[in-house]
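A.B. asks: Here it is: the structure, laid out below.
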Amino acid sequence: MRAAPAPGGADGAGGSGPVGSPRRAVPRPLTSRLAAGLVVALEPLSAASRLAVLRHRAAERGLTVGPNVLAWLADHLPGGARQLDGALTSLEALLRQPGPAPDVATVAAHFRDQADAGRVTVERIAQRVGGYFRVEPRQLQSRSATAAFWCRGRSACTWPAS
């Protein structure tokens with residue numbers, strides 16, 4: 001990776017990007033860290049950030065919806081910007097249907113499955129753990145030692161201690 005574009009590149013600005021794409025000079029210390037595999041943690045978007053993304057992308061698409069609709073989507077749907085874009089695509093299709101513009105209740109009913117998919121429940125945890133260990137979730141939730149018996153030979157875990 002170069003710290004600054006060299007003259008004569010394919011894009012006319014000295015870089016190797018597509019024709020007409022501007023390239024900014026990247027400081028040499030950052031370039032070396034990125035080339036060495038620098039890893040940066042990205043926290044999930046906050047509800048306020050998700051709402052800002054939804055408002056911006058809805059304005060770009062020319063969608064006219066109530067602010068409470070976008071607020072509900074930001075608060076209830078899981079995922080990042082890509083998932084929010086997908087939700088706006090679904091909302092756009094919902095807006096094309098004949099009748100009045102959808103209110104929060106209509107949007108909540110339309111996105112119920114997606115909203116539920118983001119919630120963590122005991123049942124979902126049991127399904128994931130049971131799937132991993134190839135055990136029925138009901139066996140994991142039993143009061144007997146059946147769950148411990150099934151898990152013991154399938155993991156490095158020593159619980160319960162023997």
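A.B. asks: Give me the extension gain from A41 to L94: residue separation times 0.36 nm, minus the current Cα-Cα distance, reported in nm with one decimal.
C.D. replies: Full extension of this stretch gives 15.6 nm more.
A.B. asks: Another question, if that's okay. A81 versus S49, label points 7 Å from Cα toward the beta carbon: distance in nm?
C.D. replies: Computed distance between label sites A81 and S49 equals 1.0 nm.
A.B. asks: Restricting things to alpha carbons, find the Rg to Rh ratio for segment 47-117 using the Kirkwood radius for Rh.
C.D. replies: On the Cα set of segment 47-117, Rg over Rh gives 0.91.
A.B. asks: Over segment 30-71, what lengths in whole Å, largest first, do the semi-axes of the equivalent ellipsoid take, defined as the square roots of 5 times the eigenvalues of the alpha-carbon gyration tensor? Walk me through the intermediate numbers first.
C.D. replies: On the way: eigenvalues 235, 33, 5 Å².
Largest first, segment 30-71 gives 34, 13, 5 Å.
Rule-based calculations on the coordinates, nothing more; no lab input. Quick caveat: nothing in here was measured; it's all calculated off a predicted structure. Counting neighbours? That spans all protein chains shown, and the Cβs are built from the backbone with ideal geometry, glycine included.
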